[in-house]
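To start, the structure itself, in structure tokens.
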Amino acid sequence: MGTFLQLLLRSLESGSVYGMAAMGIIIVYRTNFMVNFAQGSMGMFGTFIVTAVFIHSGWPLALCILIGVLAGIGVGSLVNFAVIRHTKKISAAGKEIITLGMMMIFLGITPMLFGTDPLRLPKLIPTGSLSFGGADISYNSLFNIIFGFALMIIMFIMLQKSKLGLAIRATASNENTAKLMGIPTKTVTLFAWIVAMILGTFAGVMIAPTTSVTTELMDSVQLAAFIACIFGGFQTFYGPVVASYFVAIGSNLLIYYVSDIWGQQILYIIVILFLFFRPVGIFGKKVTKKV
């Protein structure tokens, strides 16, 4: 029982990371009508900013993360103004190719700005742990779980209760109608890219202490987040986030109890089989258009 609880806690932490990346993908998709293949590289770039500030300034990590968030606002805004606002007349496939190009740009400029050597970023809470039910969890992991849950809940409340959330949902439903209703859809798309950048940075900072800060930092997170978006369904904001925790739990249980080599691949096969019977995902809805 202790082992299972340990795996569950580890999965909740991983699910929080995947959920942030998935929310970044889905909020761009619903408001910009494009799949953002650059989500992982954007988060990686934001993590490099935090790490570089931490290493060269000696400031507390929390302050460096705040600086990373402010930088994320700037980078997200730059991406929106310099690239996204010029893609209105481009096809959906063309927009996605543009995000692939953006991914390559981030991967290219990161070593130019920060060097090619792997960097290290410590945990926000370096020491301390709790033990219960035969499982151990560090204070930092517990913080990551709580922070992930809290941030996602705040996002969902904002989407449902605030005027900005209403504008986002209206834009996601029908951009042209939203414009006719006086909703500033350009501001909505700007907000979406800023949020995507910040969430990607948070995800990168959370996973960075378990590995080195390199250009490959977010590769596995990006893959898991895309699978969660497909598995949960692109038609809702909450579906991909919930599916992120399913993916994390399923992956860890299969790796431990079935095969440490093939566990993740088995999960992918299960997701594919599920999508064969329900292509719209767990929470997705079939869209029908009246002619």
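The values are calculated or read from the model by the stated rules, or taken from the named source; none is laboratory data. This one's a predicted model, so the numbers in the text were calculated from it and none came from an experiment. Here Cβ is always computed from backbone atoms with ideal geometry, including for glycine, and neighbour counts include all displayed protein chains.
Overview of values
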quantity: Pick from region 259-291, criterion touching a helix residue (DSSP H, G or I) at 6+ places or on another chain (Cβ under 6 Å) and over 24 Å from residue 28 (Cα atoms), ranking: surrounded by the most Cβ atoms within 10 Å (Cβ to Cβ); calculated: 267
quantity: Residue check, residue 245 surrounded by fewer than 19 Cβ atoms within 10 Å (Cβ to Cβ) and in contact (Cβ under 8 Å) with a residue 12 or more places away in the chain; calculated: no
quantity: The lone exception for residue 180 - which of (1) surrounded by 18 or more Cβ atoms within 10 Å (Cβ to Cβ); (2) more than 26 Å from residue 45 (Cα to Cα); (3) not acidic (Asp, Glu) it fails; calculated: (1)
quantity: Filter pass, residue 12 being hydrophobic (A, V, I, L, M, F, W, C), surrounded by fewer than 24 Cβ atoms within 10 Å (Cβ to Cβ) and farther than 13 Å from residue 141 by Cα; calculated: no
quantity: Qualifying residue in region 92-111 (condition: among the aliphatic types (A, V, I, L, M), assigned to a loop (DSSP other than H, G, I, E, B) and free of Cβ contacts under 8 Å to residues at least 24 places away in the same chain); calculated: no
quantity: Candidates 70, 63 - the one that is more than 19 Å from residue 215 (Cα to Cα) and either in contact (Cβ under 8 Å) with a residue 40 or more places away in the chain or within 20 Å of the chain's Cα centre (by Cα) (or both); calculated: 70
quantity: Where residue 175 falls short, out of the listed (1) surrounded by fewer than 16 Cβ atoms within 10 Å (Cβ to Cβ); (2) at pLDDT below 90; calculated: (1)
quantity: Test: residue in region 107-127 that is within 15 Å of residue 35 (Cα to Cα), buried (at least 17 other Cβ atoms within 10 Å of the Cβ) and at pLDDT 95 or above; calculated: no
quantity: Selection count, region 112-141, where residues are part of a helix (DSSP H, G or I) and either touching a residue at least 40 places away in the same chain (Cβ under 8 Å) or β-branched (Val, Ile, Thr) (or both); calculated: 4
quantity: Pairs, first within 18 Å of residue 152 (Cβ to Cβ) in region 3-15, second surrounded by 18 or more Cβ atoms within 10 Å (Cβ to Cβ) and aromatic (Phe, Trp, Tyr), C-beta under 6 Å, six or more apart; calculated: 15/245
quantity: Lone unmet requirement of (1) under 16 Å from residue 197 (Cα atoms); (2) more than 18 Å from the chain's Cα centre (by Cα); (3) of a type outside the set (Lys, Arg) for residue 106; calculated: (2)
quantity: Matching option when the condition is under 21 Å from residue 76 (Cβ atoms), touching a Leu at 6+ places or on another chain (Cβ under 9 Å) and modelled with pLDDT of 90 or more, among 215, 189, 211, 201; calculated: 215
quantity: Filtered residue count, region 59-102, keeping only those that are of a type in the set (A, V, I, L, M) and either touching a strand residue (DSSP E or B) at 6+ places or on another chain (Cβ under 6 Å) or more than 20 Å from residue 185 (Cα to Cα) (or both); calculated: 14
quantity: Per-region count, region 35-89, residues among the small types (Gly, Ala, Ser), outside any helix (DSSP H, G or I) and under 16 Å from residue 199 (Cβ atoms); calculated: 1
quantity: Checking residue 156 against (1) among the hydrophobic types (A, V, I, L, M, F, W, C); (2) surrounded by fewer than 20 Cβ atoms within 10 Å (Cβ to Cβ); (3) more than 16 Å from the chain's Cα centre (by Cα), the condition it does not meet; calculated: (3)
quantity: Residue 44 vs. criteria more than 22 Å from the chain's Cα centre (by Cα), modelled with pLDDT of 95 or more and not β-branched (Val, Ile, Thr); calculated: no
quantity: Residues (free of Cβ contacts under 8 Å to residues at least 40 places away in the same chain and either touching a Leu at 6+ places or on another chain (Cβ under 8 Å) or over 18 Å from residue 11 (Cβ atoms) (or both)) located in region 268-286; calculated: 269, 272, 273, 276, 277, 278, 279, 286
